[in-house]
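Right, one structure below, let's go through it.
The values are calculated or read from the model by the stated rules, or taken from the named source; none is laboratory data. What you are looking at is a predicted structure, and each value in this text was computed from that prediction instead of being measured. All Cβ positions, even for glycine, are placed from backbone atoms using ideal geometry, and neighbour counts span all protein chains on display. To get the accessible areas, we keep the full protein, side chains included, count just its heavy atoms, and leave off ligands, DNA and RNA. Shrake-Rupley method; radii C 1.70, N 1.55, O 1.52, S 1.80 Å.
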Amino acid sequence: TRIRASSAASVARGPWSGRATYFHTSLGAAIANVTVSVTPTLTTRQRQNAAQVRSRGVELEADWRPTTQWSVSGQLTATSAGFTGGAAGLDGLDVPQVPKYQGALSVRFTDPRYLTATLQTRILGRQFEDDRNTLVLDDAAIVDLFASRAVASRLHVFVGIENLFDREVQVGRTPILSVG
């Protein structure tokens, strides 16, 4: 069973625009990776029926274009995603790998005669790796830089540097930490 509801609004005035979206989703008979056993070096999980998953939250976006060449945009998503119902002992726990918040802020310069360049910061909130909410993946902020230029009518060259400052980002625990 799947129930989904959402509402959205947008507004624009001069160089400013903004959007807001509220969402609420319930998914019955969801399948999850449920922890069966844990040792100091290995976590064993099995795919099982996890009863119901509920996700609700809000997405906010804003754009500012002070000139035709420059733009600044931001995005923030706040999400509450959890298991409901008693199957597999997950009732009341957070859904793994879903941060409570995530966002981005970017500045872009565009001039077709020269180049398009974007500086972006992405923020990921703390989240759990496992269904039992015992293995934490820390929050992170990552800075990216992109640039492109048209060299012919149908040919662009680009360069992108993701994680410009080489931040360690936790991407998994089994319980051994994996970084990206």
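Remarks
- Each of I31, I161 has its accessible area taken with a 1.4 Å probe; listed largest first, they run I31, I161.
- Under the criterion of Cα pairs below 8 Å and six or more residues apart, the relative contact order for the stretch 54-144 equals 23 percent.
- Å² per residue, accessible surface of the chain at 1.4 Å: 63 Å²
- The stretch 23-63 and the stretch 92-107 have Cα centres separated by 13 Å.
- Exposed-loop-free span, longest in the chain, where GluC sites (Glu not before Pro) count as exposed if DSSP calls them loop and at most 12 other C-beta atoms lie within 10 Å: 1-161
- HN-Hα J in Hz across the stretch 12-25 - Karplus 6.51, -1.76, 1.60, θ = phi - 60°, x for Gly and Pro: 9, 8, x, x, 9, 8, x, 9, 9, 9, 9, 9, 8, 10
- Dimensions of the stretch 139-180 from C-alpha coordinates, computed as largest minus smallest value along each principal axis and given longest first, are 51, 18, 12 Å.
- Distances between placed amide hydrogens fall under 5 Å for V34 paired with Q46, R47, Q48, all partners being 5 or more residues away or on another chain.
- Qualifying chymotrypsin sites (Phe, Trp or Tyr not before Pro) for the stretch 85-119 [loop in DSSP, other Cβ within 10 Å: at most 14]: Y114
- Percent of Cα pairs in the chain per distance bin of 5 Å, from zero to the largest separation: 2, 7, 12, 13, 14, 14, 12, 10, 7, 5, 3, 1, 0.
- Shown here for the stretch 30-133: trypsin sites (Lys or Arg not before Pro) in loop regions (DSSP other than H, G, I, E, B) with at most 12 other Cβ atoms within 10 Å, namely R113.
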